[in-house]
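Below: the structure, in structure tokens.
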Amino acid sequence: MLGSRIEEQERMIELVRQGACKRALQEMDEKAVQKMRPEQVSRLLSALIPFRSRPAREIEELVFQNGRWSWTEKDEEGFWLHEQIIRGGRVDMAAKAAERIRKREAGDSGLSFVWAELVVYLLDKCQRLPARNMLE
Amino acid sequence: MDEEESCRVLESILAYQDLELLGIALKYTRNIPTELLQVPEDERENRFMRELLNLYVKYIDIQDDTKRLWRISLCCGAEVMAERLLKKTEDYQYLPQIAEGREEVFDLLLGVPARKVLDEVKKEVLYSALVSEHWKERLETLEQKGWTKSSRQRKGKIQFADESIRRLEKKKYASDRRGKLEQVADKERIRFVKAYGQE
């Protein structure tokens with residue numbers, strides 16, 4: 001049962017990676033995202049970075065609202081999730097992700113480097129409000 | 001958050017020139033390293049730096065790089081920081097620049113006991129006041145506060161007239177209207193100083 005669920009989740013990630021975001025969206029809902037493990041959510045977000053289509057953005061929304069992701073998941077090239085977002089030039093994604101990494105939690109969980117790099121990136125891109133929220 | 005990370009965040013906020021964000025960040029960084037402060041290059045940077053130095057004076061360690069802090073404070077006219085530096089370091093070599101600075105900066109001179117300042121420095125202060133925009137009022141104020149009295153000879157007066165005239169006469173002016181106006185103003189200064197020298 002669990003095995004098939006994981007397989008299903010991996011299939012979704014693969015669909016997004018291949019650019020079949022519309023199909024992935026049809027098969028995805030809030031609960032499916034909530035059930036995903038943080039490493040999988042990270043990989044899903046990572047797969048979404050190159051895509052800016054409407055279905056891709058809807059998946060993003062689903063993930064940002066319902067998912068819990070791991071900041072310490074690296075891609076094949078060894079980049080952290082936040083580095084992938086920055087490299088992909090996804091200011092919008094960084095701003096949304098930033099809502100979930102406030103100063104205090106970042107410090108407590110050893111993620112201060114992620115926090116600092118995202119604040120610097122957002123300020124560099126003149127995203128004052130998300131940067132301000134992160135600083136609070 | 002380690003020091004390097006907080007430095008990077010502060011550096012970005014300073015580049016973004018946002019005092020509110022800086023205020024939030026200072027709640028946990030508690031310090032602005034002097035090396036992050038840049039000498040302002042335009043009016044916007046000038047205003048930002050002045051507000052920053054006046055508002056967050058306590059968060060800057062003045063022992064860090066006093067020379068740099070003096071330079072930045074005088075460049076942007078941050079009177080609160082300049083006052084703190086003056087109190088802590090008693091660096092009287094900066095008094096001439098204070099005499100030439102913004103009105104709020106000039107007022108710092110009034111808190112310095114003139115008798116403690118060397119005659120040579122006083123001469124420079126008087127010359128700087130003379131070349132400032134509000135020179136008449138400034139020289140008058142300085143005279144009232146005893147800046148024209150010699151520290152060496154009691155009842156003696158600082159002889160700054162000849163040297164000031166020489167320096168003013170050496171000045172080069174642009175050939176435009178602004179240069180002409182400046183030249184006229186300097187001639188008035190020379191007349192005033194000559195009268196002072198004959199007193």
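Return a yes/no flag: does the range A:38-47 have any residue that is open to solvent by less than 70 Å² (accessible area, probe 1.4 Å), in a loop (DSSP other than H, G, I, E, B) and aliphatic (A, V, I, L, M).
No: the range A:38-47 contains no residue that is open to solvent by less than 70 Å² (accessible area, probe 1.4 Å), in a loop (DSSP other than H, G, I, E, B) and aliphatic (A, V, I, L, M).
Residue-wise test of (1) out of contact with any Asp or Glu (no Cβ under 7 Å at 6 or more places or on another chain); (2) within 21 Å of residue B:16 (Cα to Cα); (3) within 12 Å of chain B (Cβ to nearest Cβ); (4) hydrophobic (A, V, I, L, M, F, W, C).
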{"site": "A:42", "(1), (2), (3), (4)": "no, no, no, no"}
{"site": "A:51", "(1), (2), (3), (4)": "yes, no, no, yes"}
{"site": "A:84", "(1), (2), (3), (4)": "no, no, no, no"}
{"site": "A:113", "(1), (2), (3), (4)": "no, yes, yes, yes"}
{"site": "A:124", "(1), (2), (3), (4)": "yes, yes, yes, no"}
{"site": "A:133", "(1), (2), (3), (4)": "no, yes, yes, no"}
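Looking only at the range B:11-28, count how many residues are in a helix (DSSP H, G or I) and under 16 Å from residue B:55 (Cα atoms).
Looking only at the range B:11-28, we keep the residues that are in a helix (DSSP H, G or I), and these are B:11-16, B:19-28.
Retained after the next criterion (residues that are under 16 Å from residue B:55 (Cα atoms)): B:13-14, B:19-27.
Selection size over the range B:11-28: 11.
Go through the range A:68-87 and give me each residue that's in a loop (DSSP other than H, G, I, E, B) and either among the basic types (Lys, Arg) or over 12 Å from the mean Cα position of the chain (by Cα) (or both).
Looking only at the range A:68-87, we keep the residues that are in a loop (DSSP other than H, G, I, E, B), and these are A:68-73, A:75-79.
Across the range A:68-87, the qualifying residues are A:68, A:75, A:76, A:77, A:78, A:79.
Could you tell me whether residue A:95 is within 22 Å of residue A:60 (Cβ to Cβ), modelled with pLDDT of 85 or more and more than 7 Å from chain B (Cβ to nearest Cβ)?
On the way: within 22 Å of residue A:60 (Cβ to Cβ): yes; modelled with pLDDT of 85 or more: yes; more than 7 Å from chain B (Cβ to nearest Cβ): yes.
For residue A:95, the condition - within 22 Å of residue A:60 (Cβ to Cβ), modelled with pLDDT of 85 or more and more than 7 Å from chain B (Cβ to nearest Cβ) - is met.
Go over the candidates A:73, A:117, A:99, A:60 one by one and state the one that is under 15 Å from residue A:134 (Cα atoms), touching a residue at least 12 places away in the same chain (Cβ under 8 Å), among the acidic types (Asp, Glu) and buried (at least 17 other Cβ atoms within 10 Å of the Cβ). Walk me through it before giving the result.
On the way: A:73 fails: under 15 Å from residue A:134 (Cα atoms); A:99 fails: buried (at least 17 other Cβ atoms within 10 Å of the Cβ); A:60 fails: under 15 Å from residue A:134 (Cα atoms).
Among A:73, A:117, A:99, A:60, only A:117 is under 15 Å from residue A:134 (Cα atoms), touching a residue at least 12 places away in the same chain (Cβ under 8 Å), among the acidic types (Asp, Glu) and buried (at least 17 other Cβ atoms within 10 Å of the Cβ).
Residue A:86 is checked against (1) at pLDDT below 95; (2) open to solvent by 30 Å² or more (accessible area, probe 1.4 Å); (3) hydrophobic (A, V, I, L, M, F, W, C) and fails just one. What number does that condition carry?
Unmet condition: (1).
Here are A:93, A:134: which of them is among the aliphatic types (A, V, I, L, M) and over 21 Å from residue B:24 (Cβ atoms)? Explain how you work it out, then say what you get.
On the way: A:134 fails: over 21 Å from residue B:24 (Cβ atoms).
After ruling out the rest, the residue left standing is A:93.
Could you figure out which of (1) within 27 Å of residue B:94 (Cα to Cα); (2) within 14 Å of another protein chain (Cβ to nearest Cβ); (3) exposed (fewer than 13 other Cβ atoms within 10 Å of the Cβ) isn't true of residue B:14?
Going through (1) within 27 Å of residue B:94 (Cα to Cα); (2) within 14 Å of another protein chain (Cβ to nearest Cβ); (3) exposed (fewer than 13 other Cβ atoms within 10 Å of the Cβ) one by one, residue B:14 breaks only (3).
Which residue, of B:161, B:195, B:174, is open to solvent by less than 50 Å² (accessible area, probe 1.4 Å) and free of Cβ contacts under 8 Å to residues at least 40 places away in the same chain? Step through it out loud before you land on a result.
Numbers: B:195 fails: open to solvent by less than 50 Å² (accessible area, probe 1.4 Å); B:174 fails: open to solvent by less than 50 Å² (accessible area, probe 1.4 Å).
Selected residue: B:161, the only one of B:161, B:195, B:174 that is open to solvent by less than 50 Å² (accessible area, probe 1.4 Å) and free of Cβ contacts under 8 Å to residues at least 40 places away in the same chain.
Mind listing just one residue for me: the one in the range B:17-29 that is under 17 Å from residue A:116 (Cα atoms) and more than 8 Å from chain A (Cβ to nearest Cβ) and, of those, most open to solvent (accessible area, probe 1.4 Å)?
Taking the candidates together, the pick is B:27.
Considering only residues that are surrounded by 13 or more Cβ atoms within 10 Å (Cβ to Cβ) and free of Cβ contacts under 8 Å to residues at least 12 places away in the same chain, which ones fall in the range B:136-156?
Hits for the range B:136-156 are B:137, B:143.
The values are calculated or read from the model by the stated rules, or taken from the named source; none is laboratory data. Values in this document were obtained by computation on a predicted structure and should not be read as measured data. Quick reminder, even Gly has a Cβ in these numbers, built from the backbone with ideal geometry, and neighbours come from all protein chains shown. Heads up: the accessible areas ignore ligands, DNA and RNA and are worked out on the full protein's heavy atoms, side chains in. Shrake-Rupley method; radii C 1.70, N 1.55, O 1.52, S 1.80 Å.
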